[in-house]
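S.K.: Here you go, one structure.
The values are calculated or read from the model by the stated rules, or taken from the named source; none is laboratory data. Since this is a predicted model, take the numbers as computed values, not measurements. Virtual Cβ from ideal backbone geometry, glycine too; neighbours counted across all protein chains shown.
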Amino acid sequence: MSSSGWRTFHSTTSRDFRLNTRRLLLRLSLGSKGLRKASRLLKSVLHCESHLLYISPDKVTRAMRMVQVSISKLHRNIQVLLYGRFHPRGNVVTSARRSLPWRLHGVTGVNFYKTKERAVDTQDSLDIQMIGFRIRQRPTAACGTMSTNENRNISIMSDSSDDEKPQNVYVPFGQREEWEDVTPVPQDDGPNPVCRIAYDDQFTDTMNYFRAIVRSDERSPRALAITGDAIRLNTGNYTAWYYRRLVLDSLKSDLPKELEFITSIGIKNPKNYQIWYHRRAIVEKLGDYSRERQYTEEHIQQDSKNYHAWAHRQWVVETNGWWDTELEYIDKLLQYDVRNNSAWNQRYFAITRNKTRQVDQNLATQETDYAISYAKKAPNNQSPWLYIKGLNNQDVGKLKEICEHFHQNYPTSPHAAGMLAELHQKEGNKTRSDELYNLLANNLDSIHKKYWIYKMQQE
């Protein structure tokens, strides 16, 4: 494959990561055998929440058979970073946690080179075949020291001295000088616990000292720090979040810095109730909403159905009265994906909750025409019809006229026919409603046949 066959996949932000992945997958599926293997790994990326993908060694082996894993004991998952360029053989840049005996360098923009270099087989290291990127092998006690010949096969590619930094090793709180005056409080499972949870040592140690801080009601910098440790170990720990807010209030802490902490936690946990609630509380206290719309847009771009992001955005928009700009944003989302149910719901929210403008007949007609224009693009999409029904629910005659006109021009649309059948049924026109229900049950929407038959049997 010529140089034109190289495909670039470089996403320095998580916002366009998923979109770039989908585009690349289409190209990879049409490529060579090696590319098809790489595409299997990339499909997993669509389920991740940021540009970091955590997968097990077994999954790596299944997805990319070119990578042979020979690590005897691996306690942590491999961290895969997809940056740089793809080689026709399906090479992919990978990185591992620092606990592994090797690490890739230059992860913010790594280039692939078509070389004949091969990684060297060493004990407890990765045996990488047909990869062609440059890695640095760091000798460890488990790996042993590589010979001179082995080092020739591995090139060093790094502009930083990060590997010279000491690794983060967990130190128990009892061995820390600043915690010598604290007596840990173990978890009370009762005299005869039915099933004791097997927490790891770090979690148990952290929570024991956290309980001690809460019991003494200490409001200090170290109390703030241990709440962060407890939250990182369990982001759903609402007690830790609540106590953290108490400590922040007592210390008059830097709230913009706290927002940075929330953002770093929220990237990996986009659907955590406690994180979003804590963020709202901090933003309210800070009084600065300027970053919130952009923040929610990033989450919505990763997952358009993220309820927490939409709820947070509704709160921000309603609090500040940013109604007009919200309609512009929703319009962009619908132009990109007309089937975005959450965007239609947000548009209905922005129209009906805006207290500065009443939903009169002119506005309802304008929005109905807007929804009809999208219904024509996707006649089988239910979202615009629910939007139309919500706006015109009080004007049955107008709603019936809209459905009749659309059904005549787009007779295969099940949603216009279904809504029209319900309207005729409410008016007592059983002949017409039964005709439409039969059409839906036997032709337009046979997958819901029993439902339409049930509707037809109702009085």
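S.K.: Quick test for you: out of W315, W310, pick the one residue that is more than 20 Å from the chain's Cα centre (by Cα), among the hydrophobic types (A, V, I, L, M, F, W, C) and either outside any helix (DSSP H, G or I) or not assigned by TED's automatic domain parsing to the domain that holds Q274 (or both).
M.R.: Exactly one residue qualifies, and that residue is W315.
S.K.: Any idea which of (1) surrounded by fewer than 20 Cβ atoms within 10 Å (Cβ to Cβ); (2) within 16 Å of S342 (Cα to Cα); (3) aliphatic (A, V, I, L, M) is the one A309 doesn't satisfy?
M.R.: Of (1) surrounded by fewer than 20 Cβ atoms within 10 Å (Cβ to Cβ); (2) within 16 Å of S342 (Cα to Cα); (3) aliphatic (A, V, I, L, M), only one is false for A309: (1).
S.K.: Sticking with this one: Given the criteria assigned to a helix (DSSP H, G or I), surrounded by 20 or more Cβ atoms within 10 Å (Cβ to Cβ), outside the structural domain of A375 (by TED's automatic domain parsing) and among the basic types (K, R), does R293 qualify?
M.R.: Values: assigned to a helix (DSSP H, G or I): yes; surrounded by 20 or more Cβ atoms within 10 Å (Cβ to Cβ): no; outside the structural domain of A375 (by TED's automatic domain parsing): yes; among the basic types (K, R): yes.
Criteria not met by R293.
S.K.: Of the residues that make up segment 368-381, is at least one assigned to a helix (DSSP H, G or I), within 24 Å of D445 (Cβ to Cβ), of a type outside the set (A, V, I, L, M) and outside the structural domain of E459 (by TED's automatic domain parsing)?
M.R.: no
S.K.: Report, ordered by the first and then the second residue, all pairs with beta carbons closer than 7 Å, sequence separation of six or more or different chains, a first member in segment 183-196 that is under 30 Å from A223 (Cβ atoms), and a second member that is surrounded by fewer than 10 Cβ atoms within 10 Å (Cβ to Cβ).
M.R.: D189/R196
S.K.: Follow-up question, since we're still on this one. Mind checking which residues of segment 202-215 are surrounded by fewer than 16 Cβ atoms within 10 Å (Cβ to Cβ) and either more than 30 Å from the chain's Cα centre (by Cα) or assigned to a loop (DSSP other than H, G, I, E, B) (or both)?
M.R.: Matches in segment 202-215: R215 only.
S.K.: Same structure again: Does G321 satisfy being surrounded by fewer than 19 Cβ atoms within 10 Å (Cβ to Cβ), closer than 30 Å to I226 by Cα and more than 24 Å from the chain's Cα centre (by Cα)?
M.R.: Considered against the rule, which asks whether it is surrounded by fewer than 19 Cβ atoms within 10 Å (Cβ to Cβ), closer than 30 Å to I226 by Cα and more than 24 Å from the chain's Cα centre (by Cα), G321 comes out as no.
S.K.: Can I ask one more? Of the numbered conditions (1) more than 30 Å from the chain's Cα centre (by Cα); (2) assigned to a loop (DSSP other than H, G, I, E, B); (3) at pLDDT below 95, P184 satisfies every one except a single condition; which is it?
M.R.: Unmet condition: (3).
S.K.: For segment 302-318, enumerate the residues that are modelled with pLDDT of 95 or more and over 25 Å from Y238 (Cα atoms).
M.R.: Selection gives V317, E318.
S.K.: One residue is enough: does segment 367-376 have a residue meeting the conditions exposed (fewer than 13 other Cβ atoms within 10 Å of the Cβ) and hydrophobic (A, V, I, L, M, F, W, C)?
M.R.: no
S.K.: Still on this structure, please answer the following. Determine if segment 395-410 includes at least one residue that is of a type outside the set (V, I, T), under 31 Å from the mean Cα position of the chain (by Cα) and in the same structural domain as D445 (by TED's automatic domain parsing).
M.R.: In the first step, residues of segment 395-410 are kept if they are of a type outside the set (V, I, T); the result is 395, 397-401, 403-410.
Remaining after also requiring under 31 Å from the mean Cα position of the chain (by Cα): none.
No: segment 395-410 contains no residue that is of a type outside the set (V, I, T), under 31 Å from the mean Cα position of the chain (by Cα) and in the same structural domain as D445 (by TED's automatic domain parsing).
S.K.: Out of the residues in segment 401-421 that are surrounded by fewer than 19 Cβ atoms within 10 Å (Cβ to Cβ) and not hydroxyl-bearing (S, T, Y), which is nearest to A364 (Cα to Cα)? Steps first, answer last, please.
M.R.: Step one: of segment 401-421, the residues surrounded by fewer than 19 Cβ atoms within 10 Å (Cβ to Cβ) are 401, 404-405, 408-412.
Next cut, not hydroxyl-bearing (S, T, Y) only: 401, 404-405, 408-409, 411.
Values: E401: 14, E404: 18, H405: 17, Q408: 22, N409: 22, P411: 24 Å.
The qualifying residue nearest to A364 (Cα to Cα) is E401.
S.K.: Of the conditions (1) of a type outside the set (A, V, I, L, M); (2) surrounded by fewer than 19 Cβ atoms within 10 Å (Cβ to Cβ); (3) part of a helix (DSSP H, G or I), E258 clears all except one; give me its number.
M.R.: Going through the list (1) of a type outside the set (A, V, I, L, M); (2) surrounded by fewer than 19 Cβ atoms within 10 Å (Cβ to Cβ); (3) part of a helix (DSSP H, G or I), E258 breaks only (2).
S.K.: Continuing with the same structure: Do we find that T365 is within 24 Å of V316 (Cα to Cα), among the β-branched types (V, I, T) and more than 29 Å from the chain's Cα centre (by Cα) in this structure?
M.R.: On the way: within 24 Å of V316 (Cα to Cα): no; among the β-branched types (V, I, T): yes; more than 29 Å from the chain's Cα centre (by Cα): yes.
So T365 fails the test.
S.K.: Of the numbered conditions (1) of a type outside the set (V, I, T); (2) under 25 Å from the mean Cα position of the chain (by Cα); (3) surrounded by 15 or more Cβ atoms within 10 Å (Cβ to Cβ), E218 satisfies every one except a single condition; which is it?
M.R.: Condition (2) is where E218 drops out.
S.K.: Then there is this: State all residues of segment 293-334 that are more than 14 Å from W276 (Cα to Cα) and basic (K, R); if no residue qualifies, say none.
M.R.: Listed by number, the residues that qualify are K305, K332.
S.K.: If Y199 satisfies every condition in (1) in a helix (DSSP H, G or I); (2) over 27 Å from A309 (Cβ atoms); (3) among the aromatic types (F, W, Y) but one, which is the exception?
M.R.: (1)
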